[in-house]
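The values are calculated or read from the model by the stated rules, or taken from the named source; none is laboratory data. Owing to the predicted nature of the structure, the values given are computational and were not obtained by experimental measurement. Because the Cβ atoms are built from the backbone with ideal geometry, glycine has one as well, and the counts that use them run over all protein chains shown. Just so you know, the surface numbers come from the protein's heavy atoms only, side chains and all, with ligands and any DNA or RNA stripped out. Shrake-Rupley method; radii C 1.70, N 1.55, O 1.52, S 1.80 Å.
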Amino acid sequence: MPALTLRGINVDFPFTPYPCQKDYMSKVIECLQSKVNGVLESPTGTGKTLCLLCATLGWREYFKDSISARKISEKMGGAELFPDRPMSSWGTAATDGDVPAYYTDIPKIIYASRTHSQLTQVISELRNTSYRPKVCVLGSREQLCINQDIIKQESNHIKVHMCRAKVSTRSCVFYNNVDEKSTDKDIMNSILDVEDLVKTGKKERVCPYYLSRSLKQHADLIFMPYNYLLDPKSRRAHNIELKGAVVIFDEAHNVEKMCEESTSFDLTPYDLTSAIDAVDRLLREQATEIGKGDSSEDFNVESLNSGLKLDITTIAKIKQILMDLELTINSYEMPSNNQGITKPGSFIYEVFQKAHVNYDTKTAIVEAMEQITGYLAGKPGIFLNTSGLQKVADIIQLVFAVDPAEGSMKSQMENSMQQFKVHIHPDTSNFKKKQNADVWASSSVKKQGNVLSYWCFCPGFSMQELLRQEVRCIILTSGTLSPLSSFTCEMQIPFPVCLENPHVIQKDQIFVSIIDKGPDGVQLSTAFDKRFVPENMASLGNTVVNLSRVVPHGLLVFFPSYPVLDKTLEFWRANGHADRIENTKPMFVEPRGKSTFTEVMDGFYDKVNDPKSSGGSFFAVCRGKASEGLDFADTYGRGVIITGLPFPPRMDPRVVLKMQYLDEMCRKKISGVKYLSGQEWYRQQASRAVNQAIGRVIRHREDYGAIFLCDHRFKNTDVRAQLPSWVRPYVRITDNFGTVVRDAAQFFRVAQKLRPVPQKKVKDAKHEKSAVPDTCQGGGGNRPAPASAWQSTSSLKAKVLDSHVPSLKRRKLDEHSGRDGTARLCIQYETEMSSSKKKPLSLLDALDNSDPSPGGDDVVGEEKASRLSTLSLQHDKRLDDESRGGKRKIRIVQDRKPVESSAAGKGKAFMLELKRHLSQDSFTKIMHALQVYKATDHLDDLVAKAAELLLQDPNTHSLLRGLYQFIRPHHKKQFDEKCQLLTGQGCGYKHEHSLSREEREALMQQKAKVETAEMGTIKQLDSSKQLNQGGSHLGTHNLCSVDAVKDQKPQKPEKSRKDGQFSSSTLLSDIKKAIGSEKTNQLFIALQTYKKTNNYEQMVSTVVGLLTERDEDIVLLRRLSVFIPPNHSQQFSEMLRSLTGSASVTCEDSEEASSHPVPVSQHSAGKSQSKISSFFS
């Protein structure tokens, strides 16, 4: 490896660098040498992380050597060691002429990224270099604690207080070993990520949390999530020293948002209510203690012994402060439009002053609140929500973070207040949470309150705070920072060093096309006024269908928001687009919650890896988990479709105020400070989200893929100018959709020949993670990794969940369970609790239970599963069912035992899920509450206890709804309403759920009678009985077989009966698959009514309306001819002929028709909507 010298610094880089990598490292070193800030964009796959580490550590070593050289020079008394290099020049390249005197002057490097999983990848890259600095990674107790007593606690702040209590009393055996183990050479010199720290902690019986804090003192390189740096409270808690440090923000595209959120808050009525409840609980408890004692002195001694060093008067004052704060916030009158009122940032001090909180009292108040929280958290056997009280304490610290001073500091604070706004608005989103706490209290307590919001609108506020800490320099870097000019404007600090790097790929590896019109010529747009227009959604659906046929392997489709995604998919399911996509590439949809995200991703990866499939399609939203946290390298992402510009919600109060703030700043024209206008910021937000989603495709130098921008607004020059610099040169605009399909197909043909699909070697992926260097990061042009290495490393990275907790891992791909793809996906509990299924009440319900339809429209169980992410699971199961034959489905109807055992299994699965999400104590309380409910039949008591335990975390709301399956029928409706009120979502209540067991059995018997009569009709009318002897060409698929009934005599009744049952059950199954269970029910009710009343016109209008919505369903209408008696068969045949537009053979010539059957495709091809309309007119 030849030596690499950049700006006078020797950098030990493991590979021969590309020109763009040299440029990147030079810019990093320029920032370090000149003590200036830099913003550097380099696309994913250009080795950004490795370049950043090598350049920074190379410069640091040179800095250290310069100090050593100067010390030697002092010892030599001015004599020169080397004639060609004077001592005075040593180290100047590293220090830019500074004269560091001590080794303590060597800057620490603080490397911050968004999540711990991203930091784990960075640490993995560090191991691939020759540099071995002393390293430390900071994390929270939630991630690092190994004390079982603390781990089992639900809320994070309770863990904090319990940990502090154990540390102060030295009752944690792991903490007691920290001092000894923190000087252990093996630990100090190891490069450990969060998981390694936990493993080391368990092995050495030492606390990983405090061990990492101890290692920080001697570390050269400190890793942390960047909210630890930007949040003043976290910075203080972790005692992060910034003076003279080099601060690096990797994946900095989210820094802007994090800067604003770290200094903002929303205080809800629920927060205040729970805080008051917690203090009131303690107040009553201490008052009882006083009542038992003879004097207040005894009480204080008792309190001291119990760990609470507050007298009862102080506790009462805290309660009064909280009540005054609640009263103040709720005292403001809201305008009639419910938009709330907005005040300047300084108004926050007026609000708190009315509750007697100010700079003089804030310290004592916060200390008292912390003591109360700690005391309540440490009490054994009591579950009390103290998160509200902790939140109020944190908010007071945030508001009064900087003490006012005389002169310049005071004016500086007044200026900084311009960057904040106070917004007070009615509580809508969290009102249900407040009711949760007091749902059985008096109506006066239940009244809707106001939310106090304190919002920061300038990310530069946090950045300027870092500069005030005297950091050496700040480097912001990411694969997606475009447009850079607007990004630097938002940061409000100078960035003398800027870089927009090109990609390392060739032009034959990327295809970018703007598609402004779909195949049908309709203009594509997700603008607010067009996004839900049926023609627009249909055209977009046709576009995706066609592109899914062209793009090989994995296809990603990004929508602007979840509402647009949900509404569009609903339309596609109803109109057949979803089925057509599903047939080409099984569909997976990004879930909103974390709980099932890994499962859905597993299904997508499995489907793409399945050699029998043509890949999979993954539907997600811009700014979601998939668009930012995941790596779709190689076959996992060969194409990405952007369906529109993801602008922020225009009427959201925070968005409105942000734009107003920026416009206000622009009008003021502060000298030396440039601001974006509100509209510029609004457009930039959409562009950055698009750029982030685009970056999912090309992940390394051997990767290739296509980008389709499906919105006519991408044709605008200003929108294209906001695309990343490495994408802009390849953008093509074509006149028609056919050209796009042709060019894309040609692109993939060439790319697949030049770059064959890498051989998948998933089995050894975990071992290869540490052994094989990531050549895409290193950019090793001379040392390409084997194809399998590409796959293993990229697939590993693709599966790293975008989560702050690194414990969520995807299962090994080689764990086979006997069926392919997502048939292994057992998502028993998704956000909507789709697993709480009802017992089948009819033939159609039972089929619903056993045969999920590909369209996802069927109601499964007591709640509709609206996610499309299980479509491919249903597809696999359907294939399995079909391979076994159709009779099995009918048996399920008649045999109810398996369904009951299935319901029992679902209940057991729910209990396991409940136990997994809750601590043992909380799980026991839920079980006890269910037993009490069973004994007393008091629903309110059960809901009260369940709500207390399950509503703190939105991720456990589904568990509350899951209790629906244990609720007695007469309470089902009431429980559904309570869930709707508390969680914003019901349990899928239906009227039949309120029926008792006897009533359900009676209903089942009635349905069975109807079914028997229906089957009898089928037996009477099924022509297959009479035509079995005529050969296979005389089956029920023949249109004119009904007329043949008139002239034929039955010949083998037994065989005919079986065939009749089989054909009718197959027809029923096919109809249900095509139009869903609800419409199938309507259809058979119409046929049953027709049998009783002989009202042909009424029956035909219903049946034709249901079976002519899609072209492919017309064949089912033909097959229904077996239900039409002879007196109406002629009319039915003429109706069929008028609908299809083809001169089909009349049923009067049945014998001739039987020997020359008409192909189904010929009939269905000519159908048009106009003919259907004329038929009904």
Volume per residue (Å³) of the convex hull spanned by the alpha carbons of segment 196-285 is 182 Å³
Semi-axis lengths (Å, descending) of the ellipsoid that matches the C-alpha gyration tensor of segment 925-1012
29, 15, 9
Under a point spin-label approximation (7 Å from Cα along Cα-to-Cβ), what is the ASP743-GLN448 distance to one decimal in nm?
5.2 nm
Could you compute how fast segment 452-556 diffuses translationally, taking Rh as the Kirkwood radius over C-alpha pairs and applying Stokes-Einstein at 25 °C with viscosity 0.890 mPa s? Give it in µm² per second.
131 µm²/s
Can you tell me the equivalent ellipsoid semi-axes for segment 653-741? Use √(5λ) from the Cα gyration tensor, largest first, whole Å.
33, 16, 12
In cubic angstrom per residue, the convex hull of segment 115-181 built on its Cα atoms measures 109 Å³
Residue separation times 0.36 nm, minus the C-alpha to C-alpha distance between LYS309 and THR363: what's the value?
17.9 nm
Cα-projected label distance for LYS594 with GLU1078, points at 7 Å along beta-carbon direction, nm:
3.4 nm
A student asked for the Cα radius of gyration and Dmax of segment 147-190 in angstrom ought to give 12.8, 36
Rg to Rh, two decimals, where segment 556-647 supplies the alpha carbon set and Rh follows Kirkwood
0.94
Scattering from the C-alpha atoms of segment 603-718 alone, worked out with Debye: what is log10 I(q)/I(0) at q = 0.11, 0.16 1/Å?
-0.51, -0.85
Heavy-atom SASA rank of TYR636, TYR682 (probe 1.4 Å, accessible area, largest first):
TYR682, TYR636
Estimated FRET transfer efficiency (GLN469, THR936; beta-carbon r; R0 56 Å; 0.05):
0.40
May I ask you to rank MET323, MET537 by accessible area, largest first, using a 1.4 Å probe over the protein chains only?
MET323, MET537
Calculated P(r) tail over 17 Å for segment 11-80, as whole % of Cα pairs:
51 percent
Quote the convex hull volume per residue of segment 540-591, based on C-alpha atoms, as a whole number of Å³.
75 Å³
Once Rh for segment 126-270 is found with the Kirkwood sum over Cα pairs, what is the Stokes-Einstein diffusion coefficient at 20 °C and 1.002 mPa s, in µm²/s?
129 µm²/s
Using the Kirkwood radius built from alpha carbon pairs, what does the Stokes-Einstein equation give as D for segment 630-687 at 10 °C and 1.306 mPa s, in µm² per second?
114 µm²/s
Inter-part distance where segment 116-143 and segment 45-76 are each reduced to a Cα centre, Å
20 Å
Among 963-969, 146-152, how do they line up by average Cβ neighbours within 10 Å per residue, starting with the highest?
963-969, 146-152
